[in-house]
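Derivation of every value follows stated rules applied to the coordinates shown; laboratory data play no part. Keep in mind it's a predicted model, so treat the numbers as computed, not measured. Every residue, glycine among them, receives a Cβ derived from its backbone with ideal geometry; neighbour counts consider all protein chains shown.
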Amino acid sequence: MFGSIGMLVISNVFMTIAWYGHLKNHQNTTLYKVILISWLIAFVEYCFQVPGNRLGAQYFTLPQLKVIQEVITMTVFAIFAIFYMKVPLTKNFLFATLCLVGAVFFMFRDRA
């Protein structure tokens, strides 16, 4: 179970870098180069994401796995946005976090 979550965290780090990393320092890089580099990074992401989901499917339902993935995605993105992209922390981060906590509660409440 924790192996799958760890793999999903790693995959989301690569995904976030592939999708958004070029926005900070590569504005003058040609688009085709940025796309190619992003695809290469995304390949590494998929090398963790696919087995992570396969392992997770042994422990969680498909909807639960999706909610876990979304929580991981938003957590990794928030850390990336705040510390790498220097996006200021606002109350909207708090509200979005509360919504994710609610999604986790409702998705897992029958499991307890």
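Here Val50 clears all of (1) over 14 Å from the mean Cα position of the chain (by Cα); (2) loosely packed, with under 14 Cβ neighbours inside 10 Å except the condition numbered (1). Can you confirm whether the stretch 20-38 contains a residue that is assigned to a loop (DSSP other than H, G, I, E, B), free of Cβ contacts under 8 Å to residues at least 24 places away in the same chain and among the β-branched types (Val, Ile, Thr)? Among the residues of the stretch 20-38, at least one is assigned to a loop (DSSP other than H, G, I, E, B), free of Cβ contacts under 8 Å to residues at least 24 places away in the same chain and among the β-branched types (Val, Ile, Thr), which makes the answer yes. If the condition is being surrounded by 11 or more Cβ atoms within 10 Å (Cβ to Cβ), farther than 17 Å from Gly21 by Cβ and not hydrophobic (A, V, I, L, M, F, W, C), then the stretch 76-112 contributes only Thr97. Any residue that is assigned to a helix (DSSP H, G or I) and charged (D, E, K, R) - is there at least one of those in the stretch 97-111? Within the stretch 97-111, not a single residue is assigned to a helix (DSSP H, G or I) and charged (D, E, K, R). For the stretch 53-82, the set of residues classified as among the β-branched types (Val, Ile, Thr) and more than 12 Å from the chain's Cα centre (by Cα) consists of Thr61, Ile82, listed by residue number.
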